[in-house]
Amino acid sequence: METIEKPRFVIQQHCQEEKYHWDLMFEQDQHLLTWQAPSHPDEWPGKKIDCLKIFDHRLKYLTYEGEISQNRGQVQIVAAGHYKPLEIGEKFYIVSLSGDTMKGILELRQTENDRWSLVFRGETV
């Protein structure tokens, strides 16, 4: 029987010129759907976080840490694992996360244009 691997997720801390944000990325086909959040994932449980849907990233960012070209700062992985899609539509993503430091249900909903809200019901370790 063939085992189907769950798609992966990663959250990277991005530092550029002493400013921080966190990129939440979901593997889909040959790219990573990406949202930018203003706060560390430890602060997500039980709160509504405004975030921004940004451009898709290359799959290499699932495991990449280090400097980004053209002086765009550096990234460090703060959480990684697999996700299971529960409900996905054009304007919402509801997934179950199973990661090294995060477990629970994460919900993203589009509020306007590229602006989304993120709610994480779960725990960080």
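The values are calculated or read from the model by the stated rules, or taken from the named source; none is laboratory data. It should be emphasised that the depicted structure is a prediction, and the values quoted were computed from it without experimental measurement. Here Cβ is always computed from backbone atoms with ideal geometry, including for glycine, and neighbour counts include all displayed protein chains.
Would you mind telling me which numbered condition in (1) at positive phi; (2) of a type outside the set (Lys, Arg); (3) in contact (Cβ under 8 Å) with a residue 24 or more places away in the chain PHE26 fails?
Here PHE26 clears every test but (1).
Take SER117 and decide whether it is more than 18 Å from PRO7 (Cβ to Cβ) and not in a strand (DSSP E or B).
no
I need the full set of residues from the range 83-106 which are of a type in the set (Asp, Glu) and either modelled with pLDDT of 95 or more or crowded, with 16+ Cβ neighbours inside 10 Å (or both), in order please.
Once the filter is applied, which keeps residues that are of a type in the set (Asp, Glu) and either modelled with pLDDT of 95 or more or crowded, with 16+ Cβ neighbours inside 10 Å (or both), the range 83-106 yields only GLU87.
Given the conditions (1) surrounded by fewer than 15 Cβ atoms within 10 Å (Cβ to Cβ); (2) more than 21 Å from THR101 (Cα to Cα); (3) under 13 Å from the mean Cα position of the chain (by Cα); (4) not β-branched (Val, Ile, Thr), and given that LYS53 satisfies all but one, which numbered condition is not satisfied?
(1)
Out of everything in the range 56-82 that is of a type in the set (Ser, Thr, Tyr) and surrounded by 14 or more Cβ atoms within 10 Å (Cβ to Cβ), what residue ends up being farthest from the chain's Cα centre (by Cα)?
Within the range 56-82, the match that is farthest from the chain's Cα centre (by Cα) is TYR64.
If you go through the range 73-125, how many residues are among the charged types (D, E, K, R) and more than 19 Å from GLN36 (Cα to Cα)?
5
Go through (1) out of contact with any strand residue (DSSP E or B) (no Cβ under 7 Å at 6 or more places or on another chain); (2) in contact (Cβ under 8 Å) with a residue 40 or more places away in the chain one by one and return the number of the condition GLY89 breaks.
(2)
Could you go through the range 64-74 and let me know if any residue there is among the small types (Gly, Ala, Ser), touching a residue at least 24 places away in the same chain (Cβ under 8 Å), over 26 Å from GLU5 (Cα atoms) and not in a strand (DSSP E or B).
yes
Quickly run through the range 107-122 and pick out the residues that are in contact (Cβ under 8 Å) with a residue 24 or more places away in the chain and surrounded by fewer than 14 Cβ atoms within 10 Å (Cβ to Cβ).
Residues satisfying the conditions are THR111, ASP114, ARG115, ARG121.
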